[in-house]
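Novice: Structure provided below as structure tokens; questions to follow.
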Amino acid sequence: MNIVVCIKQVPDAAEVKINPETGTLIREGVPSIINPYDMHAIEAAVQIKEKTSGKVTAITMGPPQAETALRDAISLGVDEAILLTDKAFAGSDTLATSYTLSKTIEKLSPDIIICGKQAIDGDTAQVGPEVAEFLNIPHVAYVRKIEDIGEKSIRVQRLMEEGYDVVESTLPVLLTVVKELNEPRLPSLKGKMAAKKAEIKKWTAADIGADEKDVGLKGSPTQVKNIFAPEPKKDRQMLEGTPEEQTDALIKKLMELKCL
Amino acid sequence: MDYFLTEEQVMIRDLARQIAEEKIVPQREELDEKEEFPWDIMKVLAQSDMFGLFIPEEYGGLGKGCLELAIAVEELSRACLGVSTTYAANALGTYPLLLYGSEEQKKKYLPDIAAGKKLVAFGLTEANAGSDAAGIQTTAKLEGNEYVLNGTKQWITNGGEAEIYTIIAMTDKSKGARGASAFIVEKGTPGFSFGKKEKKMGIRASTTRELIFENCRIPKENIIGREGMGFIVAMKTLDNSRVGVGAQGVGVAQGAFDEAVKFARQRVQFGHPIISFQAIQHMLADMATQIEAARALVYSVARYIDSGAKDISKASAMAKLFATDMAMKVTVDAVQVMGGSGYMREYPVEKMMRDAKILQIYEGTNQIQRNVIGQALIKEAAKKK
Ligand SMILES: Cc1cc2nc3c(=O)[nH]c(=O)nc-3n(C[C@H](O)[C@H](O)[C@H](O)COP(=O)(O)OP(=O)(O)OC[C@H]3O[C@@H](n4cnc5c(N)ncnc54)[C@H](O)[C@@H]3O)c2cc1C
Ligand SMILES: Cc1cc2nc3c(=O)[nH]c(=O)nc-3n(C[C@H](O)[C@H](O)[C@H](O)COP(=O)(O)OP(=O)(O)OC[C@H]3O[C@@H](n4cnc5c(N)ncnc54)[C@H](O)[C@@H]3O)c2cc1C
């Protein structure tokens, strides 16, 4: 199996603070980590490789410093890494990000593409499915278990609000994964040594044959007007007691407010 | 202190520390309570290549030496000595093969050991042969193409859990110490069984069992080195591994010290954090100084061994003696700094103190280390004349 994992470097959420004036994240001095969901994507890819042989390539679009995320991925068992870095990519929204990733993936022609469910900073959970659309291949989001992988198909469990679906898909397929899927391993010493020496390929918009008007700010229809933390709603009241007592109190309240 | 570790040594330390903090610390209390063998953690260590650290690259290892092993052992010991004993005893059992094994034996066993697929144990001690290792009574008799083993080994770390055992037995009792030989015995060999699991004061995650040999037949090729070399194999093995026991001492002491400092900053009595009292500061200052002195000695001796030095008995005995006496003192003092809280199982230092005691006993008691150093001094003095 030839597998591509999409990873994103994000600020370590445990250490992030928000600038109260602008409402934006203060990124300076905050350590960067691999998006936690992407750690599960890497683990899944490496496990598939260990079972079926093949190759795992990690790709990320980001600034030059994102190279460290790729080296960390290699220490966890990833074979090759590509950094998509170009001034032209700056300011990408999810559409431009997905376009850029999909142009790269086309060049690698993998059997399986694995993304995290969502990035803990951007949080949209859009990139995985959008990449699949650009590639015109099926995708399964929220994968919590990989049941079986055949020559031409895959069967997985998709996490639902209650229970799960069993989904079968043809290959190539794109999966986005949740934490229930596996427990990411710690790096190995041989992996760390390989990571130190590894050559990280750096690809630009020209290398992936991307259309300039579709990448970066130019390719991003999303326009950010303002970022803010919503005011917490103030007049809330918690009802206590048994479910019966709570429903009684709720009905009484609603009648008081003339909602019923 | 900066010990001018190489980039790779720092990498080994950081990864061992990450394993200790993320995988061992959350489990150590339960492992101690339940006296449970830490298989989960052994799997993590295997996956991280930690078992291959000191095994040459041609057998699937990383080809590092005593210093790298000591660094890893120190970090694991900082979290739990029971776990680090399991890991370090594996190295102890592997040294006979590394130092004296034939090419075929190395090819057969070392790759699985390096990958952490098979654990190893070292069997020397018997009921009547502790400090006086020459008193062993287990015999190995050559019959055709096989050696037949009879006897019982006592208090063997990793006994029952390990797949590979390096065993010292008498091939010729009439020759005394020169009549001992070293062997490889695999788990599952008919006639090889295990006795009861011992209940211990500390290092309770580590398993200690009897090894019982009743007409246990092993192939003749399983002898390590030649007949009669058993004691040389055992002594050289211990010379190499003792510095690792020293590293265990440094690690457990550092772990206890860190807890004591954290506590002393938070605990308020007489209106002040107890760390502001000079009596507490002086205890902590002594502890910190002793730990650093022991670490410096352990690292120096490990580097000395890695330099290929021939006569390492005295140096490695010094490292073990100093660092483990230090560990006992520092862990006792850590409990003292923390008062009643230190005595409670809610905090990890009482366990560290119970655990530390073993370091003064196994791989040669600290009295025996002093004997080794003393004998070396006599030899050196005689040479000078
Ligand atoms: C409202 C809003 C405004 C934004 N404004 C800007 C802006 O002005 N400038 C700017 O630079 N960014 C901006 N961003 C960030 C940027 O759009 C997203 O970070 C990026 O498109 C990825 O989306 P996401 O973080 O929501 O990822 P998700 O869709 O949540 O990520 C899902 C998965 O996709 C993969 N993935 C995501 N991003 C990458 C990547 N870069 N490389 C490889 N794999 C990846 C990972 O596997 C990840 O787990 C903005 C985001 C939002 C929500
Ligand atoms: C938890 C645990 C794990 C162990 N693991 C292993 C293992 O994996 N493999 C293995 O082979 N063995 C193992 N041992 C055995 C260990 O190495 C011995 O216990 C140790 O060498 C001491 O022997 P002993 O207990 O018989 O004490 P003894 O030799 O009976 O000593 C009793 C006391 O007398 C002192 N003493 C004895 N002789 C002298 C002397 N000549 N001069 C001064 N003082 C002396 C000792 O220092 C000690 O204080 C283990 C022991 C324990 C407790």
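Novice: Find the sum over both chains of the accessible area lost when A and B are paired, probe 1.4 Å, and report it in Å² to the nearest 100. Kindly include the intermediate steps, with their values, before the conclusion.
Specialist: Details: alone 15590 and 17320 Å², together 31530 Å².
Interface area, both chains combined: 1400 Å², rounded to the nearest 100.
Novice: List the residues of the stretch A:184-204 whose accessible area drops by at least 10 Å² when all protein chains are present, compared with their chain alone, using a 1.4 Å probe and counting only protein heavy atoms.
Specialist: Buried on complex formation: A:ARG185, A:LEU186, A:PRO187, A:SER188, A:LEU189, A:LYS190, A:LYS192, A:MET193, A:LYS196.
Novice: Can I ask one more? What residues qualify as long-range amide H neighbours of B:ARG217, i.e. H under 5 Å apart, gap of 5 or more or another chain, H built at 1.01 Å from N?
Specialist: B:LEU149
Novice: Give the carbon-plus-sulfur fraction of the accessible surface of the protein assembly as shown in %, rounded to a whole number; probe 1.4 Å, heavy atoms of protein chains only. Show your work: numbers first, answer last.
Specialist: Details: 16500 of 31530 Å².
Roughly 52 percent, rounded to a whole number.
Novice: Output ³J(HN,Hα) for the stretch B:104-114: one whole-Hz value per residue in order, computed from phi by the Karplus curve 6.51 cos²θ - 1.76 cosθ + 1.60 with θ = phi - 60°, and x for Gly and Pro.
Specialist: 5, 4, 4, 4, 6, 9, 5, x, 5, 5, 4
Novice: In square angstrom, rounded to the nearest 10, how much accessible surface does A:ASP207 have for a 1.4 Å probe?
Specialist: 70
Novice: I want the antiparallel fraction of DSSP beta bridges within the stretch A:52-190, as a percent rounded to 5.
Specialist: Looking only at bridges with both residues in the stretch A:52-190, the antiparallel portion is about 50 percent.
Novice: Right, another one. List the lysines whose Cα lies under 18 Å from the Cα of B:LYS383, skipping any in the same chain that are fewer than 8 positions away.
Specialist: B:LYS310, B:LYS314
Novice: If you don't mind, another one. Leaving ligands, DNA and RNA out of it, work out the accessible area of B:TYR304 with a 1.4 Å probe and give it in Å² to the nearest 10.
Specialist: 100
Novice: Which trypsin sites (Lys or Arg not before Pro) does the stretch B:118-179 hold that lie in a coil by DSSP with at most 15 other beta carbons within 10 Å? List each step's numbers first, then the result.
Specialist: Numbers: sites: B:LYS118, B:LYS141, B:LYS153, B:LYS173, B:LYS175, B:ARG178; in loops: B:LYS118.
Answer in residue order: no site qualifies.
Novice: Take the alpha carbon atoms of the stretch B:81-150, find their center, do the same for the stretch B:306-320, and report the distance between the two centers in whole angstrom.
Specialist: 21
Novice: Net charge within 10 Å of B:ILE274 by Cβ-Cβ distance, Lys/Arg positive one each and Asp/Glu negative one each, not counting B:ILE274 itself? Please report the intermediate quantities before stating the final value.
Specialist: Working: positive: B:ARG265, B:ARG267; negative: none.
Taking every Cβ under 10 Å from that of B:ILE274, the sum is +2.
Novice: For the stretch B:231-384, what is the Kirkwood hydrodynamic radius in Å, using each pair of distinct C-alpha atoms?
Specialist: Computed over the stretch B:231-384, the radius equals 16.5 Å.
Novice: How large is ³J(HN,Hα) for each residue in the stretch B:141-148, as worked out from phi by the Karplus curve 6.51 cos²θ - 1.76 cosθ + 1.60 (θ = phi - 60°), to whole Hz, x for Gly and Pro?
Specialist: Working through the residues one at a time gives 10, 6, 10, x, 9, 10, 9, 10 Hz.
Novice: What is the set of long-range amide H partners of B:LEU142 at a cut-off below 5 Å, with H atoms built 1.01 Å from backbone N?
Specialist: For B:LEU142, the qualifying residues are B:VAL148.
Novice: Test of understanding: express the Cα radius of gyration of the stretch A:209-250 as a ratio to 2.2 N^0.38 Å, with N the residue count. Don't skip to the end; give the middle numbers.
Specialist: Values: Rg = 23.8 Å, N = 42, 2.2 N^0.38 = 9.1 Å.
Expressed relative to 2.2 N^0.38 Å, the Cα Rg reads 2.61.
Novice: Among the aspartates and glutamates, which have Cα under 13 Å from the Cα of A:LYS218 when same-chain residues fewer than 8 positions away are ignored?
Specialist: A:ASP93
Novice: I need the P(r) histogram for the protein assembly as shown: all alpha carbon pairs, bin width 10 Å from 0 out to the longest distance, whole percents.
Specialist: The distribution over the protein assembly as shown is 3, 13, 19, 19, 17, 14, 8, 3, 1, 0, 0, given as percents.
Novice: Any of B:LYS34/B:LYS197; A:LYS51/A:LYS152; B:LYS320/B:LYS384 with alpha carbons more than 19 Å apart? Name them for me.
Specialist: Working: B:LYS34/B:LYS197 13 Å; A:LYS51/A:LYS152 16 Å; B:LYS320/B:LYS384 26 Å.
B:LYS320/B:LYS384, as the Cα separations exceed 19 Å there.
Novice: In the stretch A:79-151, what trypsin sites (Lys or Arg not before Pro) fall in a loop by DSSP, with at most 15 other Cβ atoms inside 10 Å? Kindly include the intermediate steps, with their values, before the conclusion.
Specialist: Details: sites: A:LYS87, A:LYS103, A:LYS107, A:LYS117, A:ARG144, A:LYS145; in loops: A:LYS117.
Taking the stretch A:79-151 and a limit of 15 other Cβ atoms within 10 Å, no loop trypsin sites (Lys or Arg not before Pro) are found.
Novice: In the neighborhood of B:MET283, defined by Cβ-to-Cβ distances under 12 Å, what is the net charge if each Lys or Arg adds +1 and each Asp or Glu adds -1?
Specialist: On the way: positive: B:LYS329; negative: B:ASP286, B:ASP333.
Taking every other residue near B:MET283 into account, the sum is -1.
Novice: Suppose R0 equals 56 Å. What FRET efficiency, 1/(1 + (r/R0)^6) with r the Cβ-Cβ distance, do B:GLN336 and A:VAL166 give to the nearest 0.05?
Specialist: On the way: r = 60 Å, r/R0 = 1.07.
Efficiency, from the Cβ-Cβ distance: 0.40.
Novice: Could you give me the ³J(HN,Hα) list for the stretch A:46-54, computed from phi with Karplus coefficients 6.51, -1.76, 1.60 and θ = phi - 60°, whole Hz, x at Gly and Pro?
Specialist: Values per residue, Gly and Pro as x: 5, 5, 5, 4, 4, 7, 10, 6, x Hz.
Novice: Find out how many positive minus negative residues lie around B:MET328, taking Lys and Arg as positive, Asp and Glu as negative, among other residues whose Cβ is under 13 Å from that of B:MET328. Don't skip to the end; give the middle numbers.
Specialist: On the way: positive: B:LYS320, B:LYS329, B:ARG354, B:LYS357; negative: B:ASP325, B:ASP333, B:ASP355.
Spelling it out: positives minus negatives among the neighbours equals +1.
Novice: How big is the shadow of the Cα convex hull of the stretch B:120-230, averaged over all directions, in nm²? Don't skip to the answer; put the middle values down first.
Specialist: Numbers: hull surface 26.6 nm².
In nm², the orientation-averaged hull projection of the stretch B:120-230 is 6.7.
Novice: Continuing with this model, one more query. First obtain the Kirkwood hydrodynamic radius of chain A from its Cα pairs, then insert it into the Stokes-Einstein equation at 4 °C and 1.567 mPa s, and state the resulting D in µm² per second as a whole number.
Specialist: On the way: Rh = 20.3 Å.
Roughly 64 µm²/s, to the nearest whole number.
Novice: Evaluate the distance, in nm, between pseudo-label points positioned 7 Å from the Cα of B:ASP311 and of B:ASN371 along their respective Cα→Cβ axes.
Specialist: Once both label points are built, they end up 2.0 nm from each other.
Novice: Taking a quarter of the surface of the Cα convex hull of the stretch A:156-213, what do you get in nm²?
Specialist: Dividing the Cα hull surface by four gives the mean projection, 8.0 nm².
Novice: Over all directions, average the projected area of the Cα convex hull of the stretch B:38-106 and note it in nm².
Specialist: On the way: hull surface 18.3 nm².
Projected area, direction-averaged: 4.6 nm².
Novice: Under 5 Å between amide hydrogens, which residues at least 5 positions from A:ILE114 or on another chain qualify, with H placed 1.01 Å from N in the peptide plane?
Specialist: Sorted by chain and number, the residues that satisfy this are A:VAL4, A:VAL5, A:CYS6, A:LEU175.
Novice: Taking the solvent-accessible surface of protein heavy atoms with a 1.4 Å probe, what is the per residue accessible area of the stretch B:120-230 in Å²? Spell out each step's value before the answer.
Specialist: Working: 4750 Å² over 111 residues.
Solvent-accessible surface per residue comes out at 43 Å².
Novice: Starting from the Cα of A:LYS252, draw a straight line to each of the lysines and keep only those under 27 Å, dropping any in the same chain fewer than 8 residues away.
Specialist: Reachable lysines: A:LYS233, A:LYS234.
Novice: Can you tell me, using C-alpha contacts under 8 Å and at least 6 residues apart, the relative contact order of chain A as a whole percent?
Specialist: Computed over chain A, the figure is 24 percent.
The values are calculated or read from the model by the stated rules, or taken from the named source; none is laboratory data. Being a predicted model, the structure only gives us computed values, none of them experimental. Using ideal geometry, Cβ is built from the backbone for each residue, glycine included, and neighbour counts are taken over all protein chains shown. What goes into the accessible areas is simple: the full protein's heavy atoms, side chains included, and nothing from ligands, DNA or RNA. Shrake-Rupley method; radii C 1.70, N 1.55, O 1.52, S 1.80 Å.
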